[in-house]
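Report on the following structure.
FYI, it's all coordinate maths here, none of it is from the lab. These figures come from a predicted structure and were not determined experimentally. We place every Cβ from the backbone using ideal geometry, glycine too, and count neighbours over all the protein chains shown.
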Amino acid sequence: MEDIVTIKDFKMRFGSTEVIHGLTFNVRRGETFGFLGSNGAGKTTTIRALLGIYQPTGGELLLDGKPYSVSGDVKLGYLPEERGLYKKESVIDAMVYFGELKGMSRDEAKEASLAYLKRVNLADKAHVRLDKLSGGQQQKIQLGITIMDNPELLILDEPTKGFDPVNRKLLMDIIKEHRAKGATIMMVTHQMDEVERLCDHIVLLKDGASHAYGTVEEVKKKFNKKSLDEVFLQVYGDENEETK
């Protein structure tokens, strides 16, 4: 299976501080990949460098064998952890606007938006201003915008953060449906049960370096643990001890 994401010997320095130290991993086309680590481990920095927001200090970050370009061959959907919606607009106007930016016609964007709102139980919010919605509802809208043009690569940063179990399952079902259509999913999450259930391969970062890389079973075997929660606690447990 060919790689859609290639990161090789990636280094990132801010001023005199190197925050990523020779990171290497690949994401295969059509798989679900878990990009894991505690806050400050380097996950967001890596994603921003992959998408050309940061210029790497060294190494290669490629999408389908080339540096990322907005006009490139890979249709990409990125859901950042921070919400970036125009909150004074109505839900439907914001969704249609972003759909048109993605190259959809106005009618296509509206049809896709209304279908998605019905799916996530927000059909009655179509003409409500975004700033009148709860944080979880806004997160649903942002996910809808991310997936509305059926991207072949989805990069999702904490897609279910703050969700109750019912809405977590709903959104993970939607993500799995896009995987079934052939999309590649690169997911940042602290929900290890989701990772064990969904991910084909994972990489676990600590202090800007890879501490584990492989299938879920390979990583658990490396640390002689029965769950990824236990692996995570072993890798990061010393940080908690230091702060006591």
Helix 135-147 vs. the chain, principal-axis angle (Cα, 0 to 90°, nearest 10) = 90 degrees
remark   = tail above 15 Å in the computed P(r) of the range 1-103, as % of all Cα-Cα pairs, reads 69 percent
request  = Mind running the shape call on the range 105-162? Use the C-alpha gyration tensor, a ≥ b ≥ c as the square roots of the eigenvalues: rounded below 1.5 for a/c, prolate if a/b tops b/c, oblate otherwise.
outcome  = oblate
message = Under the 0.36 nm per residue contour assumption, what length would be gained going from the current alpha-carbon distance of Glu18 and Glu217 to full extension?
response = 68.5 nm
message = Output the 0 to 90 degree angle, nearest 10, between the alpha-carbon long axis of helix 228-242 and the longest principal axis computed from the alpha carbons of the chain.
response = 70 degrees
task = Be a star and scan the range 64-96 for residues whose amide nitrogen sits under 18 Å from the point 7 Å along the Cα-to-Cβ vector of His127.
result = 88-96
query = Which value, in Å to one decimal place, does the Kirkwood hydrodynamic radius take for the chain when every pair of different Cα atoms is included?
reply = 18.9 Å
query = Comparing Ser134, Ser38, Ser227, which has the greatest mean-square fluctuation in the GNM of the chain with Cα pairs linked when under 10 Å apart?
reply = Ser134
message = I need to check one value: relative contact order of the range 51-147, counting alpha carbon pairs closer than 8 Å and at least 6 residues apart, in percent.
response = 32 percent
request  = Find the centroid of the Cα atoms in the range 96-123 and in the range 54-78, then give the distance between the two in whole Å.
outcome  = 26 Å
Estimated dipole of the chain in Debye, rounded to 20 [Cβ of Lys and Arg +1, of Asp and Glu -1, Cα centre] = 420 debye
note = Checked against the positive end of the charge dipole of the chain (+1 on Cβ of Lys and Arg, -1 on Cβ of Asp and Glu, about the Cα centre), the farthest of Tyr97, Tyr213, Ile174 is Tyr97
note = Among Leu76, Gly34, Val19, the residue whose Cα sits farthest towards the positive end of the charge dipole of the chain (+1 at Cβ of Lys and Arg, -1 at Cβ of Asp and Glu, taken about the Cα centre) is Leu76
message = Could you tell me the relative contact order of the chain? Use alpha-carbon pairs under 8 Å, at least six residues apart, and round to a whole percent.
response = 26 percent
Spin-label model distance (nm) - Glu100 vs Asn39, 7 Å beyond Cα toward Cβ = 3.8 nm
